[in-house]
């Protein structure tokens, strides 16, 4: 795929949430306008659709060139390839199926592409975030190894994910690949992964353990209690994030074993990563009851400078090729890295939406 940071084509983007819509325009992988933020009016379909049209029109009015496509993240369930949105929990006006893509394509007379936010987040990180950064650093250090697989995870109200292989977004036959929220939960086998990896999981654990219950607390409040910036049950707050980290580590281990790639974590809960990432790494470096390591890989946390240095240090040795005088370099350790994103999740999603549109246009 062409380098997105050297592509002059303009693409309109939208980050659609249950409460707000954020409109933008991307060129050369970067925003070229001020974001336009509006309420979504998701309970009122006609008003919501008009809001989407008006939002894109306002962005276009601020541009000097014509956009070549519209590309954006929208919640599921959805038939993304056909631009049809299904029965959404947070946007109740979309009931029975809404052909949003076709509506916008007919109105603006340019191609329209819609995808899942977790997928676009991962795509943005793979093409303009952590993956090229890692590969660039390896090259600068004279290490030939290059990574092609990326697992992108978003932590917030829910638990989202996306998978990218060698510049290609893995979407699945039904556009629902990487539905990590609904994978099995080894820690709590009667629940899916999201019940342990979400804002409500942190809130629930805190209130189960705290000496005084407070249903109004949010994860930020619990983080402040854990770090002694606010009053409350510190031990319950710390345990809430540790339990969250154990559940997250379980999901990450399963994904690494299946997909074998760099893991990048973004979303609203990354600000508390210091409280849960030690537990994530403990799971990744742990064993099953039969003493088998949880991962075949050596796992390194790039947020930790010592681990980062080790990840970027080659352990290669020279071995002889049998029946030959020739030799070959061999690194016996299979490494994988886990990192907290340096990009705002919305920026990564917009970058992914841009890249996805360019890729689709180039296939035509």
request  = Calculate for the chain the 222 nm mean residue ellipticity that helices alone would give, adding -39,500 (n - 2.57) per DSSP H run of length 4 or more and normalising by residue count, nearest 500 deg cm²/dmol.
outcome  = -11500 deg cm²/dmol
query = What's the extension gain from residue 303 to residue 191 if we count 0.36 nm per residue and subtract their Cα-Cα distance?
reply = 37.3 nm
message = I'd like to compare 261-268, 74-81, 62-69: which one has the highest average count of other Cβ atoms within 10 Å, and what's the full order after that?
response = 261-268, 74-81, 62-69
query = If you count the DSSP beta bridges with both ends in segment 130-342, what percent of them are antiparallel, to the nearest 5?
reply = 55 percent
message = Quick check: Cα centre of segment 178-203 to Cα centre of segment 307-335, how many Å?
response = 38 Å
inquiry  = Can you sort 71, 175 from fewest to most other Cβ atoms within 10 Å of each residue's own Cβ?
reply    = 175, 71
request  = Please work out the FRET efficiency for the pair residue 287 and residue 229, using the Cβ-Cβ distance as r and a Förster radius of 45 Å; give the result to the nearest 0.05.
outcome  = 0.80
key: Beta bridge orientation in segment 231-364: antiparallel %, DSSP, nearest 5   = 40 percent
ask   = Once both labels are modelled 7 Å past Cα along the beta-carbon direction, what's the residue 213-residue 82 spacing in nm?
value = 4.6 nm
Protection-proxy order for peptides 332-339, 313-320, 22-29, each taking the mean of Cβ atoms within 10 Å per residue, highest first = 22-29, 332-339, 313-320
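Just so you know, all these numbers are worked out from the coordinates, no wet-lab data involved. Since the structure is predicted, the reported quantities are computational estimates derived from the model, not experimental observations. Neighbour counts run over all protein chains shown; Cβ positions are idealised from the backbone, glycine included.
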